[in-house]
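Notes for the one structure printed next.
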Amino acid sequence: ADDSGDEEPASQSDKSELHGPLKTLSSKLEDLSTCNELIAKHGAALQRSLSELESLRLPADSGEKIKAVNERATLFRITSNAMINACRDFLDLAESHSRKWQRLLQHEREQRIRLEETIEQLAKQHNSLERACRGAPGLASGTASISSTAKGSVQSAKGEASDEDEETEYFDAMEDAPAFITVTADPKHHRRSGSNLSGASEGHPEDWNLEDSVFESSNQSSYNESTGKDLLPRKRRRSRIPDKPNYSLNLWSIMKNCIGKELSKIPMPVNFNEPLSMLQRLTEDLEYHELLDKAVKCESSTEQMCFVAAFSVSSYSTTVHRTAKPFNPLLGETYELDRLEELGFRSLCEQVSHHPPAAAHHVYSRRGWTLWQEITIASKFRGKYLSIMPLGAIHLEFHSSGNHYVWRKVTSTVHNIIVGKLWIDQSGEIEIVNHKSKDKCQLKFTPYSYFSRDVPRKVTGVVSDADGKAHYVMSGTWDEKMECSKIVHSSHGSTSTEGKQKTVYQTLSPKVLWRKYPLPENAENMYFFSELALTLNEPEERVAPTDSRLRPDQRLMESGRWDEANVEKQRLEEKQRAVRRRREAEAVEALEEGKEYEGYIPLWFERKVDAVTGELICVYKGGYWEAKDKQDWSVCPDIF
């Protein structure tokens with residue numbers, strides 16, 4: 001709901017409710033005034049007629065009677081005027097009171113809004129205290145025992161209501177918004193009883209082998225460990241950057257003139273930025289690339305889908321504390337991340353459009369996968385919060401199987417823009433489709449609500465095959481971990497209050513596919529950068545002259561020289577505007593001469609119609625890494 005847009009219509013409706021009766025009273029008063037004029041007109045005519053009768057020679061008693069009638073007519077006219085004046089006084093009084101009523105209503109509305117905001121802040125503080133309590137080292141054992149006790153109680157409750165094994169895990173799944181309840185299961189028991197299972201989604205627990213499954217090794221590698229015998233030891237990279245300066249800034253003085261405008265068109269000081277560009281933030285999605293390396297080893301397409309789903313969620317883990325805005329890339333700006341010898345992949349991003357801002361991204365991994373995307377960021381400032389809507393599809397193809405996955409990102413919302421502590425939420429749904437096997441995964445990102453009992457930042461979903469049969473249940477949070485549970489049986493449960501029949505999934509114990517890496521020490525003073533993010537802007541040799549690492553305003557900001565960074569940022573933006581004006585002039589000149597004007601042509605990408613989605617998308621055309629080997633950057637423009 002758009003809170004900033006709700007208040008004005010409510011005020012208008014209140015005004016209309018108050019002004020409606022006043023308009024009715026005014027119209028009635030006008031009617032009375034018209035009647036008064038008619039009474040005065042006819043009264044005057046009556047008095048004239050009576051005066052004429054008095055002048056006639058009539059008997060004495062007739063003259064007295066005519067005189068009495070004349071006096072009564074005069075009194076009637078005076079009374080009518082008095083009534084009209086009283087009505088006018090009543091209308092004036094009603095108008096004065098209406099303004100008082102409006103003030104009282106406005107005061108009550110403001111009090112209600114303050115109360116709602118106070119409750120929201122209290123709920124957030126309560127939630128943060130709960131999370132801090134759960135994360136306290138001294139309470140770890142107590143928490144574990146409480147958790148096991150709670151699970152046991154749910155098991156016994158389930159056992160009383162059903163003939164199924166009481167250690168079986170159940171998920172309560174709704175069609176539109178999956179909601180799951182889990183109870184620890186015994187895999188050995190299910191191996192024995194697997195042949196007795198039947199139903200719409202019957203599975204074989206033997207497939208869920210604890211020793212052989214790819215899932216078992218899904219959480220055993222960390223960012224600091226080297227995997228793959230064909231890769232060189234990792235190069236030692238920096239583990240910290242200069243601490244963020246403590247500069248104060250009046251946010252409202254800048255934002256009050258920006259409401260409703262496109263965020264990319266607002267001149268922002270670097271005080272609101274972090275020392276990374278949008279191209280580097282896009283590259284940061286690869287922090288958990290090992291999920292895709294493991295997905296290559298999966299023989300089952302639905303099992304592979306689980307890893308792809310976990311990878312799609314993992315890209316949001318870095319955003320939970322990252323409330324600062326990345327630098328808007330300049331047109332033609334690039335960013336490379338060459339980790340081919342260390343991690344097995346190399347990545348290239350390029351800003352291919354400025355209005356609207358669009359970035360193309362291509363990643364090749366020698367471990368058997370390729371990822372590419374073109375992302376356009378649409379963002380709106382709504383007064384209380386900022387909505388960031390990534391547009392464009394993400395493509396992932398595995399070389400050996402040919403499985404081609406496509407999905408889109410959800411909406412990110414930055415809350416408390418004006419007052420309070422900034423916090424970020426992710427909401428919406430992701431549909432991941434394997435266009436070769438037609439497998440699907442529906443993931444739902446539940447928006448935060450202080451009225452909800454759900455775990456904050458909750459993500460749930462179901463992996464199903466081409467026939468719609470569910471195979472796995474995905475559950476977790478986008479800031480911590482994702483788990484996968486194999487479905488061995490499904491059945492139709494009770495009908496919900498909305499009239500929809502729920503599906504109950506009987507599953508084996510969950511496997512953790514992805515868990516967030518802990519933040520580096522002192523991260524709160526380094527923009528909450530992850531271990532990978534700290535290395536993204538580290539100076540490197542032999543990169544293209546358009547690389548984000550060479551952007552001077554970003555480098556000055558990282559060094560803590562914010563005033564100089566603001567001056568440099570304005571210079572670069574003005575330089576870019578001059579280039580755009582020159583390009584627009586060339587377009588007009590070509591139009592006058594009847595020639596075609598191609599406009600800006602990306603350096604390393606080209607626009608093609610995607611065979612899967614049918615959309616026009618920028619794809620890598622090659623040449624960058626060859627140019628790097630030769631150090632031939634002649635095609636690169638001077639943008640810095």
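The values are calculated or read from the model by the stated rules, or taken from the named source; none is laboratory data. As the structure is a prediction and not an experimental result, all values here were calculated from the model. As a convention, Cβ positions derive from the backbone with ideal geometry for all residues, glycine included, and neighbour counts pool all protein chains shown. Note: accessible area is taken over every heavy atom of the protein model, side chains too, but ligands, DNA and RNA are not part of it. Shrake-Rupley method; radii C 1.70, N 1.55, O 1.52, S 1.80 Å.
Determine if the range 603-618 includes at least one residue that is closer than 21 Å to Asn328 by Cα, under 33 Å from the mean Cα position of the chain (by Cα) and not assigned by the TED database to the domain that holds Pro269. Among the residues of the range 603-618, not one is closer than 21 Å to Asn328 by Cα, under 33 Å from the mean Cα position of the chain (by Cα) and not assigned by the TED database to the domain that holds Pro269, which makes the answer no.
Filtering Glu626, Glu540, Glu593, Glu564 for residues that are touching a Leu at 6+ places or on another chain (Cβ under 9 Å) and of a type outside the set (Phe, Trp, Tyr) leaves a single hit, Glu564. Looking for whichever is in contact with a helix residue (DSSP H, G or I) (Cβ under 8 Å, 6 or more places away or on another chain) and free of Cβ contacts under 8 Å to residues at least 24 places away in the same chain here; the options are Leu75, Leu46, Leu93, Leu53. Which one fits? Leu53 is the lone residue from the list that is in contact with a helix residue (DSSP H, G or I) (Cβ under 8 Å, 6 or more places away or on another chain) and free of Cβ contacts under 8 Å to residues at least 24 places away in the same chain.
Filtered by the rule that a residue be under 16 Å from the mean Cα position of the chain (by Cα), open to solvent by less than 30 Å² (accessible area, probe 1.4 Å) and either among the hydrophobic types (A, V, I, L, M, F, W, C) or under 26 Å from Tyr620 (Cα atoms) (or both), the range 408-432 gives Val410, Val414, Ile417, Ile424, Ile430.
In the condition set (1) at pLDDT 95 or above; (2) surrounded by fewer than 20 Cβ atoms within 10 Å (Cβ to Cβ), Ser253 is compliant with all but (1).
Tallying residues that are assigned to a strand (DSSP E or B) and more than 27 Å from Glu303 (Cβ to Cβ) within the range 353-402 yields 20. Are any of the residues in the range 482-502 over 27 Å from Val410 (Cα atoms), in contact with a helix residue (DSSP H, G or I) (Cβ under 9 Å, 6 or more places away or on another chain) and open to solvent by less than 30 Å² (accessible area, probe 1.4 Å)? So far as the range 482-502 goes, yes, one or more of its residues are over 27 Å from Val410 (Cα atoms), in contact with a helix residue (DSSP H, G or I) (Cβ under 9 Å, 6 or more places away or on another chain) and open to solvent by less than 30 Å² (accessible area, probe 1.4 Å).
State all residues of the range 339-356 that are surrounded by fewer than 22 Cβ atoms within 10 Å (Cβ to Cβ) and in contact (Cβ under 8 Å) with a residue 60 or more places away in the chain; if no residue qualifies, say none. Listed by number, the residues that qualify are Glu341, Glu342, Gly344, Arg346, Ser353, His354, His355, Pro356.
Do the conditions hold for Glu108, that is, is it of a type outside the set (A, V, I, L, M, F, W, C), open to solvent by 70 Å² or more (accessible area, probe 1.4 Å), modelled with pLDDT under 75 and more than 21 Å from Ser33 (Cα to Cα)?
For Glu108, the condition - of a type outside the set (A, V, I, L, M, F, W, C), open to solvent by 70 Å² or more (accessible area, probe 1.4 Å), modelled with pLDDT under 75 and more than 21 Å from Ser33 (Cα to Cα) - is not met.
Would the range 570-589 turn up any residue that is assigned by the TED database to the domain that holds Met526, within 29 Å of Gly392 (Cα to Cα) and under 29 Å from the mean Cα position of the chain (by Cα)? Yes; the residues of the range 570-589 include at least one that is assigned by the TED database to the domain that holds Met526, within 29 Å of Gly392 (Cα to Cα) and under 29 Å from the mean Cα position of the chain (by Cα). Taken together, Arg131, Arg114 contain a single residue that is modelled with pLDDT of 75 or more and within 26 Å of Lys421 (Cβ to Cβ), which is Arg114.
Those residues that are over 18 Å from Leu22 (Cβ atoms) and open to solvent by 60 Å² or more (accessible area, probe 1.4 Å), I need them from the range 82-105; list them, please. Across the range 82-105, the qualifying residues are Met83, Asn85. Residue count for the range 347-364 under the criterion of being in contact with a helix residue (DSSP H, G or I) (Cβ under 7 Å, 6 or more places away or on another chain) and closer than 22 Å to Arg237 by Cβ: the result is 5.
Residues checked against (1) closer than 30 Å to Leu104 by Cα; (2) surrounded by 11 or more Cβ atoms within 10 Å (Cβ to Cβ):
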{"residue": "Ser26", "(1), (2)": "yes, yes"}
{"residue": "Glu37", "(1), (2)": "no, yes"}
{"residue": "Leu46", "(1), (2)": "no, yes"}
{"residue": "Ser51", "(1), (2)": "no, yes"}
{"residue": "Ser55", "(1), (2)": "no, no"}
{"residue": "Ile66", "(1), (2)": "no, yes"}
{"residue": "Asn70", "(1), (2)": "no, yes"}
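Look at (1) open to solvent by 30 Å² or more (accessible area, probe 1.4 Å); (2) among the hydroxyl-bearing types (Ser, Thr, Tyr); (3) outside any loop (DSSP other than H, G, I, E, B) and you find that Tyr405 fails only one, number (1). Scanning the range 299-338 for residues that are of a type in the set (A, V, I, L, M, F, W, C) and buried (at least 23 other Cβ atoms within 10 Å of the Cβ) yields a total of 9.
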